[in-house]
Amino acid sequence: MWEEAEKAYSILLEDNPLDQVIHKRKVAMAKAQGKPSLAIEHLNKYLEVFMADHDAWRELAEIYVSLQMYKQAAFCYEELILSQPTLPLYHLAYAEVLYTIGGHENLIAARKYYASTIDLTGGKSTRALLGICLCGSAIAQLSKGRNKEDKDMAAPELQSLAATALEKEYKQKAPAKLNLLSSALRSLKL
C-alpha cells in the first residue's frame, strides 16, 4: 500500500514538481511509516524549492529535536526567527534547543532568546522565566573558578528578577504549587 502511494506521488511530482501538497504528503507518509530520516530528506528537498514555508521549517525542527539532532534543529529555528522575528514561540524553542546543547556560549545565547521571549510576550511566558533561571544557574556552574568577567555573565540580577516574576505568577495562578517552585529555585541557588 505504501509503495503504491509512493509510486503515485512520484508520478504526480514528475508531472508537476512544484505541487506542495504532494511533497507534504510524502513527508506525512514517511512519518506515518516511522521513517524520520526519510521525512527529513523529503522536507529538505521541499525546502530547497519552498524556502519560505514556515510550517515545513518548524516540522523539520521538531523532527530533528525528536532525533536529538539539536544543531540541525537550531538552524531551522534560526530560519524561522529570521523570517518571523516577532513570534515568541520560535525564540522560546530556539532558546530551549541552545540550552539543551549546552556549553558557555550556547547558554549565554539561550538566555538572550529566553529574554526576547519574555519581551515579546510582555512577561507572560513562564517557560522563558524559568529558562532565564536555569541558564543563569548553569552559567554560574560553568564559571566556577574562572575570572570575574565570566562570573558576571551569570547575570544574577536577571535571575533574581525572573525568579521574583515566577513567584508572583505562581502566587496568583497556582498558590498550591508555590512551595514546589520555591524549592526548585532554592536548588538553583536563587
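The values are calculated or read from the model by the stated rules, or taken from the named source; none is laboratory data. Fair warning: this is a prediction, and the values are worked out from it, not measured in the lab. Cβ atoms come from the backbone with ideal geometry, glycine included; neighbour counts cover every protein chain shown.
Filtered by the rule that a residue be touching a residue at least 24 places away in the same chain (Cβ under 8 Å), within 25 Å of Gln72 (Cβ to Cβ) and hydrophobic (A, V, I, L, M, F, W, C), the stretch 1-50 gives Val27, Met29, Ala39, Ile40, Val49, Phe50. Of everything in the stretch 162-177 that is of a type outside the set (D, E, K, R) and either surrounded by 16 or more Cβ atoms within 10 Å (Cβ to Cβ) or not assigned by TED's automatic domain parsing to the domain that holds Thr117 (or both), the residue that is farthest from Ile132 (Cα to Cα) is Tyr170.
If Thr117 satisfies every condition in (1) surrounded by fewer than 24 Cβ atoms within 10 Å (Cβ to Cβ); (2) without any contact (Cβ under 8 Å) to a residue 40 or more places away in the chain; (3) out of contact with any Asp or Glu (no Cβ under 9 Å at 6 or more places or on another chain); (4) more than 18 Å from Val65 (Cα to Cα) but one, which is the exception? Going through (1) surrounded by fewer than 24 Cβ atoms within 10 Å (Cβ to Cβ); (2) without any contact (Cβ under 8 Å) to a residue 40 or more places away in the chain; (3) out of contact with any Asp or Glu (no Cβ under 9 Å at 6 or more places or on another chain); (4) more than 18 Å from Val65 (Cα to Cα) one by one, Thr117 breaks only (1).
In the condition set (1) surrounded by fewer than 16 Cβ atoms within 10 Å (Cβ to Cβ); (2) under 30 Å from Leu188 (Cβ atoms); (3) in contact with a helix residue (DSSP H, G or I) (Cβ under 9 Å, 6 or more places away or on another chain), Asp55 is compliant with all but (2). Per the conditions (1) in a loop (DSSP other than H, G, I, E, B); (2) modelled with pLDDT under 95, the sole criterion not satisfied by Ser160 is (1).
Apart from one condition, Phe75 fits all of (1) surrounded by 20 or more Cβ atoms within 10 Å (Cβ to Cβ); (2) under 14 Å from the mean Cα position of the chain (by Cα); the exception is (1). Hey, any hits in the stretch 95-107 for a residue that's in contact with a helix residue (DSSP H, G or I) (Cβ under 6 Å, 6 or more places away or on another chain), surrounded by fewer than 20 Cβ atoms within 10 Å (Cβ to Cβ), free of Cβ contacts under 8 Å to residues at least 60 places away in the same chain and outside any helix (DSSP H, G or I)? Looking for residues that are in contact with a helix residue (DSSP H, G or I) (Cβ under 6 Å, 6 or more places away or on another chain), surrounded by fewer than 20 Cβ atoms within 10 Å (Cβ to Cβ), free of Cβ contacts under 8 Å to residues at least 60 places away in the same chain and outside any helix (DSSP H, G or I), one finds none in the stretch 95-107, hence no. Of the helices (runs of 4 or more DSSP H) entirely within the stretch 1-69, those holding at least 2 residues that are at pLDDT 95 or above and aromatic (Phe, Trp, Tyr) occupy 54-66.
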